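The values are calculated or read from the model by the stated rules, or taken from the named source; none is laboratory data. What you see is a predicted model; the values in this text were computed from it and never measured. Using ideal geometry, Cβ is built from the backbone for each residue, glycine included, and neighbour counts are taken over all protein chains shown.
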Amino acid sequence: MKERFVILLVIRMLYMDYLKNGTVNNSELLKDTIEMIETSLNADKMLGANKENNMVLLHYCKDMLAQTSLDRDILIQKLEVTINDVDLVGKVIKCFDKPEDPSATAKSLYFEIEAYTVDKVVEKLLNTASFTFSRRRDTIVDKKEFMNDISRTLEKYSRANSGANSAIVNRVDLGDREAVKDVYNSIANSYEEGDLLLTGWQYLNDLTAGGLRRGEFVTIASLQHKYKSGLSVSLFIQLAQFNKPILKDETKKATMVLFSLEDDVKNVFEFIFRYLKKDLEGISVDLGDFTIDEITDYVHGMFAKTGWILKIMRVDPTKWSYRGFMDEIEELERTGHEIVTCLVDYLGLVPTTGCLKDGPMGTDLRDMFRRIRNFLNAGRKMLFITPHQLSVGAKNLIRNGVSDIDFVKEVEGKGYYAGSGQLDQEIDLELYGHVAKVNGVSYLTIQRGKHRLPTTVSEEKKFFLLKFPENSPIPGDLHRVNTGLRKLEGTGDSLEDMMF
């Protein structure tokens, strides 16, 4: 697309927007477009009237962008004084013709201008990639990662060129009563059948206004060795136990995926077996009394009975990245799986390769969380759960006298995440956990932090405790006598490192 034509598009869009809104549109798109054109014209070594007129036209366009109002007669007067080319003046004047629907015209122009900017970005991307691969290949650490990065970037821009702005979820004109009703109904019905997923603890369902939801990004934060993985895997099991698969695409296979970045698959499998034995039969088991086949058959039988396919993968985080995670999810989708729940234990161990690093400390970690969250919600509506470690600042609260019982209440909402104090901005539901020992009895304390929901939950329901059985994971209590506690008298010393 020639630069002159794009400048004329920008001029017309500016005028159409002004007719529609009464204000000059100085959006980032138009600013970026003008900057790209200017760069392109400056890079052109050819001299002559054509380039000179383009530069004059560009400055005329920039002057329009800086105005607070656009009067057609004044614009034409400036035009005739500024540009000597009669043919070009005539083309610009046509930009000020008033169409029947300025709004529709502006929208069409937006997509044409956006296409130009995308083409320029892609051109630069491919030129840079080609130069790097042909001339500086030795600087590429991982060729597969290099190619994946290019592929994902190109995919993003191909969507941008499709003629629809995928970033806009809903539009509403408050003067249009029916449009307002439609948007309200779409929000009210945003959680469809199968989106609400029950957990196995009654008080946790109360705390989350009914359970976890597909599309939520959930963190379970605690100090080191305070049962965050145990709680996460317990929830993973419960989501399969108490929820029948209801898929968006009935031709797919209902799947739950667990990526373990710390524990071997054998350890995770054994924890699931111990949990199920305690939950279903009320017994604590010695793993030495069971063969591998017995453990496998027991766990597989439970998941198969509920209709879920369980995938457990052990990952070496030092060789992984967020792109590797995306590749695994996409491969499962290509092979017929609809992933309803995904647990990554834990995401904070994944290197932030390819993420933004310019900014305050932790920018790269926060950017990785944002990328994962956006990926999971790009038409997938997948529940994502990851434990995350709390910072040294949180640990200092214990050293400074905060009791183990009250610890989760003290850290809630204060940004005590290891690696980034702003991580909470990328999270939909925050759960905090800690282990407390009172009079020789161990308890798991759970506190809710932020939850992106239109409903509210009373403060007293945001905290509860669960008692640890001896030598066993904590079983659920759904459809049974509630084993949760709202408060506990007395405090004690922290429990020594436990399971997980």
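Below are the figures for this structure:
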item	result
Selection within the stretch 425-462 - out of contact with any strand residue (DSSP E or B) (no Cβ under 6 Å at 6 or more places or on another chain) and among the acidic types (Asp, Glu)	Glu426, Glu459, Glu460
Residue match in the stretch 28-48 (condition: more than 26 Å from Leu154 (Cα to Cα) and touching a residue at least 12 places away in the same chain (Cβ under 8 Å))	no
Flag if Leu70 is surrounded by 16 or more Cβ atoms within 10 Å (Cβ to Cβ) and free of Cβ contacts under 8 Å to residues at least 40 places away in the same chain	no
Matching entry among Leu70, Leu109, Leu58 (being of a type outside the set (Phe, Trp, Tyr) and either over 45 Å from the mean Cα position of the chain (by Cα) or not in a helix (DSSP H, G or I) (or both))	Leu70
Near pairs, Cβ below 6 angstrom, 6+ apart or cross-chain, from the stretch 1-26 (not assigned by TED's automatic domain parsing to the domain that holds Ile113) to any residue that is at pLDDT 85 or above and aromatic (Phe, Trp, Tyr)	none
Test: Leu310 is touching a Leu at 6+ places or on another chain (Cβ under 6 Å) and not hydroxyl-bearing (Ser, Thr, Tyr)	no
Conditions (1) assigned to a helix (DSSP H, G or I); (2) closer than 30 Å to Thr318 by Cα; number of the one not met by Lys124	(2)
Residues of the stretch 258-289 classified as in a loop (DSSP other than H, G, I, E, B) and closer than 20 Å to Pro475 by Cα, total	5
Test result for Leu383, at pLDDT 95 or above, buried (at least 23 other Cβ atoms within 10 Å of the Cβ) and within 16 Å of Gln425 (Cα to Cα)	no
Leu444 vs. criteria among the aliphatic types (A, V, I, L, M) and over 19 Å from the mean Cα position of the chain (by Cα)	yes
Boolean, Leu356 is closer than 16 Å to Ser420 by Cβ and surrounded by fewer than 18 Cβ atoms within 10 Å (Cβ to Cβ)	yes
All positions within the stretch 282-310 that are touching a helix residue (DSSP H, G or I) at 6+ places or on another chain (Cβ under 7 Å) and surrounded by 15 or more Cβ atoms within 10 Å (Cβ to Cβ)	Val285, Ile295, Tyr298, Val299, Met302, Phe303, Thr306, Trp308, Leu310
Extreme residue, farthest from Tyr15 (Cα to Cα), among residues of the stretch 73-106 that are assigned to a helix (DSSP H, G or I) and polar (S, T, N, Q)	Thr82
Hits in the stretch 269-285 - residues which are of a type in the set (Asp, Glu) and within 17 Å of Asp345 (Cβ to Cβ)	Glu270
Selection from the stretch 313-347 of residues that are surrounded by fewer than 18 Cβ atoms within 10 Å (Cβ to Cβ) and either among the β-branched types (Val, Ile, Thr) or outside the structural domain of Arg366 (by TED's automatic domain parsing) (or both)	Thr318, Thr335
Positions within the stretch 112-145 being more than 30 Å from Lys31 (Cβ to Cβ), surrounded by 10 or more Cβ atoms within 10 Å (Cβ to Cβ) and hydrophobic (A, V, I, L, M, F, W, C), in sequence order	Phe133, Ile140
Qualifying positions in the stretch 5-40 - among the basic types (Lys, Arg) and either outside any helix (DSSP H, G or I) or surrounded by 17 or more Cβ atoms within 10 Å (Cβ to Cβ) (or both)	Arg12
Extreme residue, farthest from Glu270 (Cα to Cα), among residues of the stretch 196-213 that are buried (at least 23 other Cβ atoms within 10 Å of the Cβ) and within 22 Å of the chain's Cα centre (by Cα)	Thr208
Residues of the stretch 219-273 satisfying the condition of being among the basic types (Lys, Arg) and crowded, with 21+ Cβ neighbours inside 10 Å	Lys226, Lys228
Residues of the stretch 371-427 classified as of a type outside the set (Phe, Trp, Tyr), closer than 30 Å to Glu250 by Cβ and in contact (Cβ under 8 Å) with a residue 12 or more places away in the chain, total	11
